[in-house]
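The values are calculated or read from the model by the stated rules, or taken from the named source; none is laboratory data. For clarity, every value in this text was computed on a predicted model and none was experimentally measured. Ideal geometry is used to build each Cβ from the backbone, glycine not excepted, and the neighbour counts take in all protein chains shown.
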4 protein chains.
Amino acid sequence: MIKVGLLGAGRIAIVHARAIAAHAGSELTAVADVFVENAEKLADAFNSTVATTEEILMDPDINVVLIATPTDTHSDLIERATAAGKAVLCEKPVDLNLERARACAQTVAETGQPVMVGFNRRFDPNFAALKQALDAGEVGKPELLSITSFDPAPPPTSYVKTSGGMFRDMTIHDFDMANFFMGETPVMISAHGASVVSAEIAAAGDVDMAVITMTYADGRIAVIKNSRRAAYGYDQRVELLGSKGLLQAQNMLENTVVKSTEAGVVGARPTYFFLERYMAAFRAEWDAFANALSGGAALPVTLADGVTALAMAEAATQSAQTGLPVKLDAFL
Amino acid sequence: MIKVGLLGAGRIAIVHARAIAAHAGSELTAVADVFVENAEKLADAFNSTVATTEEILMDPDINVVLIATPTDTHSDLIERATAAGKAVLCEKPVDLNLERARACAQTVAETGQPVMVGFNRRFDPNFAALKQALDAGEVGKPELLSITSFDPAPPPTSYVKTSGGMFRDMTIHDFDMANFFMGETPVMISAHGASVVSAEIAAAGDVDMAVITMTYADGRIAVIKNSRRAAYGYDQRVELLGSKGLLQAQNMLENTVVKSTEAGVVGARPTYFFLERYMAAFRAEWDAFANALSGGAALPVTLADGVTALAMAEAATQSAQTGLPVKLDAFL
Amino acid sequence: MIKVGLLGAGRIAIVHARAIAAHAGSELTAVADVFVENAEKLADAFNSTVATTEEILMDPDINVVLIATPTDTHSDLIERATAAGKAVLCEKPVDLNLERARACAQTVAETGQPVMVGFNRRFDPNFAALKQALDAGEVGKPELLSITSFDPAPPPTSYVKTSGGMFRDMTIHDFDMANFFMGETPVMISAHGASVVSAEIAAAGDVDMAVITMTYADGRIAVIKNSRRAAYGYDQRVELLGSKGLLQAQNMLENTVVKSTEAGVVGARPTYFFLERYMAAFRAEWDAFANALSGGAALPVTLADGVTALAMAEAATQSAQTGLPVKLDAFL
Amino acid sequence: MIKVGLLGAGRIAIVHARAIAAHAGSELTAVADVFVENAEKLADAFNSTVATTEEILMDPDINVVLIATPTDTHSDLIERATAAGKAVLCEKPVDLNLERARACAQTVAETGQPVMVGFNRRFDPNFAALKQALDAGEVGKPELLSITSFDPAPPPTSYVKTSGGMFRDMTIHDFDMANFFMGETPVMISAHGASVVSAEIAAAGDVDMAVITMTYADGRIAVIKNSRRAAYGYDQRVELLGSKGLLQAQNMLENTVVKSTEAGVVGARPTYFFLERYMAAFRAEWDAFANALSGGAALPVTLADGVTALAMAEAATQSAQTGLPVKLDAFL
């Protein structure tokens, strides 16, 4: 039985609590949050108990710690949890500071504890099916990857200010997806950011739209398109041109109803945001993590994957600022 | 060279004139219409000449007559043209009176002249592709056919009054499509008509919506759904369940643009009506007719096919009126 | 708190147990099954206990009984449970015998206990969205309803033999859907059944494909198409032509991946069968039932709805056997 | 009446001849080609006559010259035809040499003759509908444009060698499309080319896959994706994210048939190549040109547009070679 101590009781923590509850071999043993009220609410809803972070890390019964706290606590908590002999699933990003993340990975390596970073999209049934088709050779060799990743609406500017910027906060998922599909890291990263959505975000020093082009050792190319605003909902598509065809993972729609009138043929909108869109992914993520812990498979996403994605975000940030392509090597 | 005398200069005649013009081996030699002005206009537009029906039938240069006149003249003109040694392509239906149509077919048979009835939908690239997939065994044995055939808007009541009723005027196309796809005629026809679209059509004694179910000797079933009104445009779909899968021919849309907004994901409407929807079909129809005349193939649609479809319309009319299923045999 | 006694521990019972577990205000108190092993397995999986039917009906703590036993026990159990003061959610059909079902409804009425019949499809998010659009007048007045309902593969012949025939077993869902969308019962039912899928089913005296046409007092029409075999998966579509447009609920697909190769543009198959397709519907069904019990709304499906659908199945059975349309009145 | 002298009798010339034949107010007066046989064939097929280039330019009856010869003759012929007082429609590109193209434009300007460059895609009904929706403000302000433009298979290497490279030969269409949709030229162009499709093309010094990112004065971005190979056919899509939604022009498919089997839900392939895909566009292009000549509207595409697109191709070529972004200004 996997006994989980959950650090954090916010929105993303609830999603993970649900995934744990749905897994037969896992149990949510305790929850900690600096806002004790939130922890109590979550504990109530999932038949768990409230504890402090310290208590969770000390509890010999708890063998897994799930970190769903603010980003600036991630690497510290990863280190403390692994030092305490726990396996860890930590939300992305590992840290906003690449040096710190790298140090954390080294510290963890010495403990030998398994640490997985929450790149949930790898577990989305649609992207997973695309990967499976790719690995089965159904479109030959992958040559040109396109990732479209638009949020429905920009986050509050207060959030933006502490987010590390769009590349570290939002694109980091897409960097990991690129690594997932292309099977290697790019050689060069060339990012173009823009401020077209929100004057407030621009004032906060961040971009809200971007196109990132990445080139690989053998000439292959990947493109990521990001925007903080898509009036029609969360737009999460992947498209991969291979030597023998094209694979596309299209948006999930709210329902299958199509309405034909004088106005045209109208389908439903994409599911609104990540909670709806990636609900199945969060469950499959936990299942895969639990399966790896029980020896069923290797960890599907490692801490190193988290550090790599962060390095790509750092490279992209630099490229967007200088207006020049950047070699990823310098950041790895 | 196929030299065509065109009888009629209305809307459908223009469509045929275009098909003839686009065919390298055909020439529109003369046009006749009781409204001479129309004939002149058409002749002008297609570099042809105006003539009387009599002149066309007498002209030894003209070897093909295309009949696009009002329905009540069809069987007479077919008989006269074939008697004059012409091959004939005649618009549907052959006649509103089944007896008359049958007599016409017999008369024609004695001349040995080729007569094709204008069931253009068989030549629609989409339906033709469906038929080809079916014949290639891609979904196994056909078991359940569904035809959806909705007009965008009801015709003028004046037209309805002389149309022979919806089954003879509109459904006749769908009866022929059923024969085309199922490869045989049904044993029983059961029709349910309704007046829900137009009070005027009801007052004229006709239905404006109908569902016709047809059963075949080996148990297979076909369903036709008709309506005189589809607010979103011309709805022309075919769906065929076979032992190994399903074939669908979907609507053609005005364009491929999809617009995603808060209102949903909006595609274009179906092409508005038969001129747009079946433009390619009319061309392919003429090409197939010309090819058959030049010995390249058997006639793809025969006068007998026209009589059979009319018999089915008559059976359906009787079924809708009595509320009882009807054996087709009695009408063949 | 809703405390549920579950009668039956088979496949459909598990689905309901999941829905109960996912509902915050419900608790699975006990499970009974003649195969005690199954009951134990289910109780284990859902932290419940095993009991006999008798014990469940006597338990004053249990206020709701969910009946997921074989059909021939339904009406007896409904009567016993309501007599014991329990609210009931019973799987469809109420009974195979219309008289018995009617008697059951009368008995229940005297107890005043709420009884809901498990027409889960009304709660499918897609069909519910279609209904909502219809009620909002988005396509005007509904005129022509089409229901496509194909199972992926025929059930075992042993099942067919005790199923009451395809109309009572399978089409009964579609009859209820027709009532749901059209808002009233039809006047006439005309059913055509066929045996094209399985010789064994034919030998067992049942049909395996059918088209049922229903006409309404004001001329509107509904068509149901059924087959026991769809090689591509569970085909569950609804299409409704209204005076101002068309509403369609299309199939749910296994994923959103589209693969374009020389072979064409290939999308995923429909979700395989009812467990996958209607998982969300079963949950929403329980939520709606629980909400009604707690006074939040009227029962969304009544026992009377179950009896009506059964009457339609009986009428369709007679129509298919006689080859003649049947007035529904005689069965209500 | 527009009397056209057609220079060139190859594949693209035939397409134009068809468009001219379909236009009521235009006549194909004469055809010239260095391969006289080709000219004769074309003249035969379209009831025209064969002439030399010289004769066409001297013929006072001919008021329009359509240039469909090899690229290296374009600017000379444009200058000679306009000097002879003819209006000109010239295939793209204007020249492979930007200086030469610019000089040509200047020479032409002095004659005052109208010269249109054959950017046929602007006239594609799908792209035109997208533009119309954009101009109507249906998705607000355009922010992020994506053009996917894949050929089905690479051209012969002999063709590649004289093509001026992929950016001048193939992407030039996409550059013009970007100008068409964004309504202005970009400030910076950043191109990444790759050789992944064909070793022969690489040996010839050209790329066969590319991603080009363009940024605009106000921060907006456009991305073009090119490949010389798409195993599933010609892939020609446009996608435009605006402040209020997304517009997409999707591929045209060979037909509307969908086949559902155990293998999935299979639609038809995209129309194979430009002759099929842009047939309607070539006709609409001629209609628009003819309409402009008769004073009905301004020229929809100018020689200056051709020069601008060529400048963008030159900038992209330099960017791909240096690996650095390039300011377009230096090329305009």
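Going through segment A:29-42 one residue at a time, which ones are assigned to a helix (DSSP H, G or I) and without any contact (Cβ under 8 Å) to a residue 24 or more places away in the chain?
Selection gives A:Val36, A:Glu37, A:Glu40.
Just wondering, is there one or more residues in segment C:61-70 that are among the hydroxyl-bearing types (Ser, Thr, Tyr) and in a helix (DSSP H, G or I)?
Looking for residues that are among the hydroxyl-bearing types (Ser, Thr, Tyr) and in a helix (DSSP H, G or I), one finds none in segment C:61-70, hence no.
For A:Arg168, all conditions in the list (1) among the basic types (Lys, Arg); (2) more than 12 Å from chain D (Cβ to nearest Cβ); (3) touching a Ser or Thr at 6+ places or on another chain (Cβ under 6 Å); (4) under 30 Å from D:Gly323 (Cβ atoms) hold save one; what is the number of the exception?
With (1) among the basic types (Lys, Arg); (2) more than 12 Å from chain D (Cβ to nearest Cβ); (3) touching a Ser or Thr at 6+ places or on another chain (Cβ under 6 Å); (4) under 30 Å from D:Gly323 (Cβ atoms) applied to A:Arg168, the lone miss is (3).
Listed residues D:Glu99, D:Glu79, D:Glu37, D:Glu54; which is over 24 Å from the mean Cα position of the chain (by Cα) and over 29 Å from B:Ala22 (Cα atoms)?
None of the other options fit; the residue is D:Glu54.
Please state which of the following conditions B:Ala191 fails to meet, knowing it meets all the rest: (1) within 11 Å of another protein chain (Cβ to nearest Cβ); (2) of a type in the set (Gly, Ala, Ser); (3) part of a loop (DSSP other than H, G, I, E, B).
(3)
Take the conditions facing chain C (nearest Cβ under 8 Å), touching a strand residue (DSSP E or B) at 6+ places or on another chain (Cβ under 6 Å) and not acidic (Asp, Glu) and apply them to A:Asn251. Does it pass?
yes
Which pairs do you get when a residue that is not assigned by TED's automatic domain parsing to the domain that holds D:Cys104, found in segment D:116-140, comes within reach of a residue that is part of a loop (DSSP other than H, G, I, E, B) and of a type in the set (Gly, Ala, Ser), reach meaning Cβ atoms under 8 angstrom, with the pair 6+ apart or on two chains?
As it stands, the answer is D:Ala129/B:Ala268; D:Val139/A:Ala231; D:Val139/D:Ser243; D:Gly140/A:Ala231; D:Gly140/D:Ser243, since those pairs meet every condition given.
So how many residues does segment C:93-134 have that are away from chain A (no Cβ under 13 Å), closer than 23 Å to C:Ala249 by Cα and either modelled with pLDDT under 95 or assigned to a helix (DSSP H, G or I) (or both)?
Result for segment C:93-134: 3.
When only residues in segment D:289-305 that are surrounded by fewer than 21 Cβ atoms within 10 Å (Cβ to Cβ) and either in the same structural domain as D:Ile20 (by TED's automatic domain parsing) or in contact with a helix residue (DSSP H, G or I) (Cβ under 7 Å, 6 or more places away or on another chain) (or both) count, which is farthest from D:Leu98 (Cα to Cα)?
Top of the filtered list is D:Ala297.
Looking at B:Val266, is it touching a strand residue (DSSP E or B) at 6+ places or on another chain (Cβ under 6 Å), over 26 Å from C:Gly323 (Cα atoms), within 7 Å of another protein chain (Cβ to nearest Cβ) and among the hydrophobic types (A, V, I, L, M, F, W, C)?
Judged against the criteria, B:Val266 is a match.
In the list D:Ala178, D:Ala202, D:Ala153, which residue meets the criterion of being buried (at least 21 other Cβ atoms within 10 Å of the Cβ) and either within 14 Å of chain A (Cβ to nearest Cβ) or at pLDDT 95 or above (or both)?
Exactly one residue qualifies, and that residue is D:Ala178.
Please state which one of C:Ala280, C:Ala290 is within 14 Å of chain A (Cβ to nearest Cβ) and outside any strand (DSSP E or B).
C:Ala280
Among the residues that make up segment D:26-37, is at least one of them out of contact with any Lys or Arg (no Cβ under 6 Å at 6 or more places or on another chain), surrounded by fewer than 18 Cβ atoms within 10 Å (Cβ to Cβ), polar (S, T, N, Q) and assigned by TED's automatic domain parsing to the domain that holds D:Ala105?
No, segment D:26-37 contains no residue that is out of contact with any Lys or Arg (no Cβ under 6 Å at 6 or more places or on another chain), surrounded by fewer than 18 Cβ atoms within 10 Å (Cβ to Cβ), polar (S, T, N, Q) and assigned by TED's automatic domain parsing to the domain that holds D:Ala105.
What about D:Ser190, is it touching a strand residue (DSSP E or B) at 6+ places or on another chain (Cβ under 8 Å) and surrounded by 23 or more Cβ atoms within 10 Å (Cβ to Cβ)?
For D:Ser190, the condition - touching a strand residue (DSSP E or B) at 6+ places or on another chain (Cβ under 8 Å) and surrounded by 23 or more Cβ atoms within 10 Å (Cβ to Cβ) - is met.
Go through segment D:208-224 and give me each residue that's facing chain A (nearest Cβ under 7 Å) and either within 20 Å of C:Val265 (Cα to Cα) or of a type in the set (A, V, I, L, M) (or both).
D:Met209, D:Val211, D:Ile221, D:Val223
Provide a single number: the residues in segment D:141-177 that are in contact (Cβ under 8 Å) with a residue 60 or more places away in the chain and either outside any loop (DSSP other than H, G, I, E, B) or not assigned by TED's automatic domain parsing to the domain that holds D:Glu314 (or both).
So the answer is 19.
Considering every residue within segment B:56-69, establish whether at least one is in contact with a Leu (Cβ under 8 Å, 6 or more places away or on another chain), among the polar types (S, T, N, Q) and free of Cβ contacts under 8 Å to residues at least 60 places away in the same chain.
No, every residue in segment B:56-69 fails to be in contact with a Leu (Cβ under 8 Å, 6 or more places away or on another chain), among the polar types (S, T, N, Q) and free of Cβ contacts under 8 Å to residues at least 60 places away in the same chain.
Select from segment C:211-224 the residues that are under 23 Å from the mean Cα position of the chain (by Cα) and farther than 18 Å from B:Leu324 by Cα and list them in ascending order.
Selection gives C:Ile224 alone.
Looking at (1) surrounded by fewer than 20 Cβ atoms within 10 Å (Cβ to Cβ); (2) within 13 Å of C:Arg121 (Cβ to Cβ); (3) of a type outside the set (Lys, Arg); (4) at the interface with another protein chain (Cβ under 10 Å from one of its Cβ atoms), which one does C:Val238 not meet, given that it meets all the others?
Result: C:Val238 passes all but (1).
Scan segment D:25-59 for residues that are among the aromatic types (Phe, Trp, Tyr) and under 26 Å from D:Ala292 (Cα atoms) and jot them down.
Residue satisfying the conditions is D:Phe46 alone.
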